Amino acid sequence: MGLKIYGIARSRAFRNLWTAGELGIKYEHVLTDFSDGPSSCRSPAFKAINPNAAVPAIDDDGFKLWESLAINLYLAKKHADKGLYPKSLQDEAKVWQWALWTATGIEGPIGLWQSHALMLPPEKRDPKQAADAIQKLASPLKVLDDHLKSHPYLIGNQFTVADINLASVMSRATAMDLSAAPNVKVWLQRCLDRPAAQAAAKQRAA
Ligand SMILES: N[C@@H](CCC(=O)N[C@@H](CS)C(=O)NCC(=O)O)C(=O)O
């Protein structure tokens, strides 16, 4: 049976496709979208995998999991020999710290900014919402920028799943003015330049 990744690269499944690429593991990509057809994330068949009717989700030999960042943590830990998951308890805790920080403090405002600066049809964009999102991000981005002053990656010198989780959430922020956070800008580009990130981004653009 093996690993199945449900979603499309234009969704948050991008994060898991990137991780699977970094790990070099085999998987089946089950295209699951937002249509009304059988491949919809709202279909009864898919809701048996993720009752939230949202992608991504995985089925790993019968083990079902949803929430994109949790899926990345699971895959990285399962394949810890590939080096994306830290070895020490403290570094592992730091990976959790950054994942929760990403989910609770970064993803919301980044999503709002993306919608109103990049994704919505121009007539539906609200510049005030985009500006509010930038304001909400200022303080956490300063924390991240300070951290990255002395570390090339979130967990010291090692590229880990913590970087994938945060950089994938921030992946469209390359279009944001990051001049107040120069270390974030460099780190984000360093992460997104990785071949596995580029391969997942290519699928997203297709
Ligand atoms: N927190 C969840 C969010 C999942 C989510 O909202 N996914 C979106 C796509 S990126 C979705 O499937 N939305 C359902 C829909 O638009 O019908 C995660 O990170 O996996």
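Since every read-out is calculated from the coordinates, none of them should be taken as a lab result. Predicted model only: the values in this text are computed from it and were never measured. When we count neighbours, we look across all protein chains shown, and the Cβ atoms used for this are built from the backbone with ideal geometry, even at glycine.
Taking the Cβ of Lys136 as the centre, find all other residues whose Cβ is under 14 Å away and add up their charges (Lys, Arg: +1; Asp, Glu: -1). Don't skip to the end; give the middle numbers.
Working: positive: Lys128, Lys142; negative: Glu107, Asp132.
Computed value for this residue: 0.
Given springs between every Cα pair under 10 Å in a Gaussian network model of the chain, which of Asn16, Asn52, Asn183 has the largest fluctuation? Fluctuation is largest for Asn52.
Rounded to the nearest 0.05, the FRET efficiency derived from the C-beta distance between Lys142 and Gln198 at R0 = 25 Å is 0.30.
Sorting the segments 142-150, 164-172 by their residues' average number of neighbouring beta-carbon atoms within 10 angstrom, most packed first, yields 164-172, 142-150. Ser150 versus Asp81, label points 7 Å from Cα toward the beta carbon: distance in nm? My value for the distance between the label points is 3.6 nm.
With r as the distance between the Cβ atoms of Glu123 and Ala70 and R0 = 41 Å, compute the FRET efficiency 1/(1 + (r/R0)^6) and round to 0.05. Calculated value: 0.70.
Under a GNM of the chain (C-alpha, springs under 10 Å), which listed residue has the highest mean-square fluctuation: Ile110, Ile134, Ile71? The residue that fluctuates most here is Ile134. Mean residue ellipticity, 222 nm, helices only, the chain: the sum of -39500 (n - 2.57) across DSSP H runs of n ≥ 4, divided by residue count and rounded to 500, is -15000 deg cm²/dmol. Extension gain for the segment Phe63 to Leu89, taken as residue separation times 0.36 nm less the Cα-Cα distance, is 6.9 nm to one decimal.
With both labels modelled 7 Å from their Cα along Cα-to-Cβ, the Ala205 to Ser43 distance reads 2.9 nm. Setting aside same-chain residues fewer than 8 positions from Lys77, which lysines have a Cα under 30 Å from its Cα? The reachable lysines, counting only those whose Cα sits under 30 Å from Lys77, are Lys4, Lys26, Lys47, Lys64, Lys87, Lys94, Lys142, Lys149, Lys185, Lys202. Taking a ≥ b ≥ c as the square roots of the eigenvalues of the Cα gyration tensor, an a/c ratio of 1.5 or more together with a/b no larger than b/c marks the chain as oblate.
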